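**Q** One structure is given below, represented as structure tokens, and several questions about it will come after.
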Amino acid sequence: APLMQSRAGLNVTVGGLLTLRSDNQAFNSQLNLNGHTLRVANGGRVSVEVGSGGGDRAVFGSIENDGVVDVGFDLRLPTGGAVVTNRGDWNVTANAMTMTSGTFLQNAGSLDVTGAGVAFFDNSAFEMNGGTVSGRPFIRGSALRIADDAAGAAAFTIGALGGAQPHP
């Protein structure tokens, strides 16, 4: 599929709307932060959409969310060592979001996996530090850490990748 990849030279702050979508064909729509961070400010929104043609959606790098992230189409978060910090609203409503080899920090706000949405955290770490989690994200071959003072509701499905759980 044709590729549309934007590369960042600095941290990127979203105070309005940033949409990852393809139209007219199955274009790949990707954001490569080149070691920088995507910051979704309070009042900002990132929307991951199918558009009319499908294609791959990916964000390469770390994300700090204080606004809204709406995942309505498959999204990959494939960067080893990346940290996704959620203090806003993160909604997975269709298809799959897959994080590999990074860390997702649920610090406040909500992670909602609803409808036909599926969230996979594969060979990663998920830290429940605050806020709420709904819809049972899959923690596969990954570390799950729940802070002593995490008081919000959360449920997870924990399993292995390739038949073996690598973390004790």
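Where a number appears in this text, it was derived from the coordinates with a stated rule and is not lab data. Being a predicted model, the structure only gives us computed values, none of them experimental. Cβ: placed from backbone, ideal geometry, glycine included. Neighbour counts: every protein chain shown.
**Q** Calculate the dipole size of the chain relative to its Cα centre from +1 charges on Lys and Arg beta carbons and -1 charges on Asp and Glu beta carbons; express the result in debye to the nearest 20.
**A** Dipole about the Cα centre, nearest 20: 240 debye.
**Q** With springs connecting C-alpha atoms under 10 Å apart, model the chain as a Gaussian network and identify which of 139, 63, 158 has the largest mean-square fluctuation.
**A** Answer for the Gaussian network model of the chain: 158.
**Q** Let me ask something else. What does the C-alpha gyration tensor say about the overall shape of the stretch 118-160? Classify as rounded when a/c is under 1.5, otherwise prolate if a/b is larger than b/c, or oblate.
**A** Oblate shape, in that a/c is at least 1.5 and b/c is the bigger or equal ratio.
**Q** Still on this model: Would you mind classifying the stretch 53-168 by shape? Square roots of the alpha carbon gyration tensor eigenvalues, ordered a ≥ b ≥ c; an a/c under 1.5 is rounded, otherwise it is prolate if a/b is larger than b/c and oblate if not. Could the numbers behind the result be given before it?
**A** Numbers: a/c = 1.37, a/b = 1.06, b/c = 1.29.
Judged from the Cα gyration tensor, the stretch 53-168 comes out rounded (a/c under 1.5).
**Q** Let me ask another. Skipping prolines and chain starts, which residues have an amide H placed within reach, meaning under 5 Å, of the one on residue 64, given they are 5 or more residues away or on another chain?
**A** 38, 39, 40, 85
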